[in-house]
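We did not get these values from a lab; they are worked out from the coordinates using the rules stated. Since the structure is predicted, the reported quantities are computational estimates derived from the model, not experimental observations. Positions of Cβ are backbone-derived with ideal geometry, glycine not excepted, and every protein chain shown enters the neighbour counts.
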Amino acid sequence: MSENYTIPIGPLHPALHEPITLKLEVSGEEIVGVDIFCSQVHRGIEWIGMNRNNAIQSIYLAERVCGICNISHPFCMVDAVEKVTNIEVPERAQYIRTIIAELERIHSHLLWAGVAAHEIGFDTVFHYTWALRESVMDLVEYLTGNRVTKAIFMIGGVRRDISEEGAKKIKEGMRFYLENFHKIEEIYLHDPTIRMRTRDVGILTKKDALKLCAVGPVARASGVPKDVRQDYPYAAYADYGLKAITPDMYNGEVHGDVFDRIIVRLLEVKQSVDIINWALDNMPSGSILAEKNLVKLKIMLKKAEGEGVGRVEAPRGEDIHYVRLKAGEEPFLSWKIRAPTYNNVLPWIPMLLGGQIADVPIVAASTDPCMSCLNRVTVVDTNKKKEFEITKEYMHEQSIKKTRRLMRNGQ
Amino acid sequence: MMMHEVWKLLFKKPFTNKFPAKYAPKNVHSYLRRVKSGKVKLVPPIPPPPNFRGKIQYDIDSCVGCGLCAQVCPSKAIEIVRDKKWIIMHCKEGATLAAPLKIKIYVSRCVFCAQCVDVCPRKCLHMSDEFLLANEDKLSRDLIIPGP
Amino acid sequence: MASDVLTLVNIVVGTFLVTLFGITFGLLTKGVDRKLAAHMQWRIGPPVIQPFRDVFKLLCKESIVPRNAVSWLYNMAPIVCLASTVTILLYIPFGSIAPILGHYGDVILILYLLTIPSLAMVTGGFASGSPFATVGAQREMVLMMSYEFPLATTVIALGWKISTLNPSMPVFSLETFAQYPVWNIMGPLGIVGAAILLLIMMLVTTGEITKVPFDIAEAETEIAEGLFVEYSGRNLALFYLADAVKTVVMASLIVAIFFPYNLSPLLKDYLTLPSFGCYTMDFLFYLLKLEIVIFFAMTFIRVSVARFKVDQVVKMYWGYLTLAAIIALVLIGLDIYIGGV
């Protein structure tokens, strides 16, 4: 069949767990053109943070930016606010933050691995991985009081300490993962069918990764040793001396394909286990909050003025929060979230071109997309080689037009 | 290869926790009624860990109505209301009869962050272990604290 | 004249019973399959009667025809699919019960009939006017063309061997297969060949009933159930039933060709049963064989591998399986040659 036709993937599609639209131009099974339409879910989180909430309330709002990286976002936001207010975070709190962030990485990567297996139709592995993931979820629940929304961050520290018993429990959990790691490795890296579906699929070259500013495991799988924890260490990472993981550490070669992304993520799980064990052994004692009195903290935040940028390596890549505070005003003057998916959506185009329709789910999933975190409206038109961003003025104009139209129709 | 592992799993007990029953009941309400009358036994959920953040509890008598909780609540689930009981209040102008300030918590809006628990100067709020809070009615009697 | 009428009545009643059996047992098998698959995935899974509930629910629901679909073709496809699948069942023996239309057709006819449900699905897919369904229909055609050759080779190789034993018999009749069970007539080389053919037949079954790894035509995460993306309500229920019956058909075909053994002749010496008892026992034994075949050809395969891509499926069938089929053919040929000498 020589005639090309268009297949819309999304905004709602079983392969995408969150709304985004991909318009694929297909010739038979081969993809010859890709068009991405973002911003199907704009939730106005930044607006709430800038208008309705005070900084303490915004921590919990930041937590709800993303269900899976809901440590990274408040971590990032709190980091930015601390830079504005010059609050020194106690060392013990830094270590607890590191432990929680790494627990999140383990759970996020295992979750991703399960989803990826589901995308290629391997449901057994999906259920199996998620069953193994349950153990880290229990640990998180034990440490923070809830499975998903951890609510452990506070400006100037953390809200819950890790007790002796808690430390013992975490160590036990980490032993469980070290013991079971070979099982996961056996399944993902040695199963022939997974290899068949992921090797040389969705290749992102190092050049493209640099050009399109890919972040996180996607960039690392293409051979770019880029990791905020390594390049701009925060919390306790500087003490640990982390090294970014690239697939050539496993088998000495970099392909930049989906299989390499699996390798990177699995090795990061192992690295996270290592970091947690190290942090538990080297945890200093002391207080966990810089300012225990919340009322005082609130007044301090109200007085603060200036701007700060928080950078955190989320499981999906680099997360950036920009915060500006003005004295006398409780809400942020401005708050900008740049979630890692924003960078990792554009690399879909070189990954998908020349592939098959069957590759779309696994390639899309391989960047671990998180659409709700991504909110800017950028329209990319690959056919006409045109790129434009929908500005506020344009949106305003459009909405006035629509209101007029509705009013006319209503009469 | 997964084949070997799959074969082993076939003879293993399923990982799933069978809460509340092995198979979903046809009608949840009638199932709960039967559980209450003791006809069926509920498979218990996995017990929540210590310091679990569940349904909030409020000790209305020790509350002084400072309203800090309402200020830090991220979801605006706390409303400041006048108490139903009138008491004699002593102020500059002398003793007057007035209803003191108390709070009303809408659990259906609560996000279980426990920030109000942290901020409360009189420690009259705390989180319980209760987590089965699903309800068809957002303003149901169980989901407003304190109850009527 | 009277006997003709009797035959006709026999056929009509028989068809009715076979349809009933095919659908009931097909759905039950689906339930067992889902339960076992769930256990192999470390979870509980639905109750065994879940497929019955699913079909019942679908039958209660409205059947929606998309605006740009070819309405009559769209509505006809599921009926043709189910009817043709049930028809195949009429040519296959159940245990020691002879097939109702056994004298009218043989394995070659079954091979041809097997393509009709797939063609009906393809027609329905193209008629629904959705790009997903179109992709699904194309994939189904590719799949259909791929497994045809290994399937034909299997049947021909076995028929060849039987024809050397008794040239006067109708070679491709399933009754002949029942009379000369494959494993009894083969030499050592032939047994190896037949084992390869059995494996091929199992893999073809997985493709025929479109399960992972060969479920490219309805790949859920890729093209959102592909062929069936627009189908709903009664039409979807008919496709669901056709799928259930097809499972029984393919498993029965394997049982009829490779395992035509019955219990009653073996136990004849030990206990005496009325002929009705014999039939029942054989029938139950046949159901057991079906379940075992379905477990290995469908459940076990589908939980332990990932879905293939179209080119990989084609490579698998046209490459590896065809090669294996030819090797098996050569082995059986050698066996015949040695046996002949």
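Based on the Cα gyration tensor of the protein assembly as shown, what are the three equivalent ellipsoid semi-axes, each the root of five times an eigenvalue, rounded to whole Å and given largest first?
60, 32, 28
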Subject >> For the protein assembly as shown, size of Cβ-based charge dipole, Lys and Arg +1, Asp and Glu -1, in debye >> reply: 3320 debye
Subject >> segment A:3-68: trypsin sites (Lys or Arg not before Pro) in DSSP loop, at most 15 other beta carbons within 10 Å >> reply: A:43, A:52
**OP:** Show me A:325-331, B:37-43, C:23-29, B:7-13 ranked by packing, highest mean number of other Cβ atoms within 10 Å first.
**Re:** C:23-29, A:325-331, B:7-13, B:37-43
Original post:
How big is the charge dipole of chain B about its Cα centre, in debye rounded to the nearest 20, if each Lys and Arg gets +1 on its Cβ and each Asp and Glu gets -1 on its Cβ?
Top reply: 780 debye
**OP:** Name the residue farthest towards the positive end of the dipole of segment C:2-340 from the options C:50, C:147, C:290, assuming +1 on Cβ of Lys and Arg, -1 on Cβ of Asp and Glu, about the Cα centre.
**Re:** C:50
Original post:
Which lysines does residue C:57 reach when only Cα atoms under 26 Å apart count, and residues fewer than 8 places away in its own chain are ignored?
Top reply: B:18, B:22, B:26, C:30, C:35, C:211, C:246
Original post:
In a GNM of chain A with a 10 Å cut-off on Cα contacts, which of A:81, A:125, A:295 has the highest mean-square fluctuation?
Top reply: A:295
Subject >> Helix axis angle, C:50-60 relative to chain C longest principal axis, alpha carbon, degrees >> reply: 50 degrees
Original post:
In the Gaussian network model of chain C, springs joining C-alpha atoms below 10 Å, which of C:129, C:226, C:207 carries the largest mean-square fluctuation?
Top reply: C:129
**OP:** In a Gaussian network model over chain C where Cα atoms closer than 10 Å are linked, find which of C:152, C:219, C:328 has the largest mean-square fluctuation.
**Re:** C:152
**OP:** Please work out the Cα convex hull volume for chain C and give it in Å³ per residue.
**Re:** 159 Å³
Original post:
In deg cm²/dmol, rounded to 500, what helix-only [θ] at 222 nm does chain B give when every DSSP H run of at least 4 residues adds -39500 (n - 2.57) and the total is split over its residues?
Top reply: -4500 deg cm²/dmol
**OP:** Determine the relative contact order of segment B:78-132: mean sequence separation of Cα pairs under 8 Å and six or more apart, normalised by residue count, in whole percent.
**Re:** 28 percent
Original post:
Which whole-Hz couplings ³J(HN,Hα) result when phi for each residue of segment B:75-85 is put into the Karplus expression 6.51 cos²θ - 1.76 cosθ + 1.60, θ = phi - 60°, listed in order with x for Gly and Pro?
Top reply: 10, 6, 8, 10, 10, 8, 10, 7, 5, 6, 7
Original post:
Cα convex hull of chain B: how many Å³ per residue?
Top reply: 185 Å³
Original post:
When only Cα pairs under 8 Å and 6 or more residues apart are kept, what is the percent relative contact order across chain A?
Top reply: 25 percent
Original post:
Taking Cα pairs under 8 Å and at least six residues apart, what relative contact order does segment C:2-340 come out at, in percent?
Top reply: 28 percent
**OP:** Mind checking segment A:1-54 for GluC sites (Glu not before Pro) that DSSP puts in a loop (not H, G, I, E or B) and that have at most 13 other Cβ atoms within 10 Å?
**Re:** A:3
**OP:** Among B:107, B:96, B:128, flag the residue with its Cα farthest along the positive direction of the charge dipole of segment B:56-145, charges on Cβ as +1 for Lys/Arg and -1 for Asp/Glu.
**Re:** B:96
Original post:
Tell me, what HN-Hα J-couplings in whole Hz come from the Karplus equation 6.51 cos²θ - 1.76 cosθ + 1.60 at θ = phi - 60° for each residue of segment C:128-142, using x for Gly and Pro?
Top reply: 7, x, 10, x, 5, 5, 5, 4, x, 5, 4, 5, 4, 5, 4
**OP:** Fewest Cβ neighbours within 10 Å first, please rank A:87, C:191, C:200 accordingly.
**Re:** C:191, A:87, C:200
Original post:
Going by how many other beta carbons lie within 10 Å of each one, how would you line up C:301, A:400, A:9, fewest first?
Top reply: A:400, C:301, A:9
Original post:
How large is the dipole of chain A about the Cα centre if only Lys and Arg carry +1 and Asp and Glu carry -1, each at its Cβ, rounded to the nearest 20 debye?
Top reply: 1600 debye
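Once the Cα gyration tensor of chain A is diagonalised, what are the square roots of 5 times its eigenvalues, in whole Å and ordered largest first, as equivalent ellipsoid semi-axes?
On the way: eigenvalues 243, 190, 59 Å².
So the equivalent ellipsoid measures 35, 31, 17 Å along its semi-axes.
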**OP:** Starting with the fewest neighbours, write out A:224, A:215 ranked by other beta-carbon atoms found within 10 Å of each beta-carbon.
**Re:** A:224, A:215
**OP:** Would you list which lysines come within 24 Å of residue B:84, measuring only between C-alpha atoms, while excluding same-chain residues fewer than 8 positions from it?
**Re:** B:55, B:76, B:92, B:102, B:104, B:123, B:138
Subject >> Reachable lysines from residue A:207, criterion Cα separation under 27 angstrom, eight or more residues apart if same chain >> reply: A:23, A:226, A:243, A:384, A:385, A:386
Subject >> In order through segment C:178-191: 3J(HN,Hα) via Karplus (6.51 cos²θ - 1.76 cosθ + 1.60), integer Hz, x for Gly, Pro >> reply: 5, 5, 10, x, 3, 6, 7, 9, 8, x, x, 4, x, 5
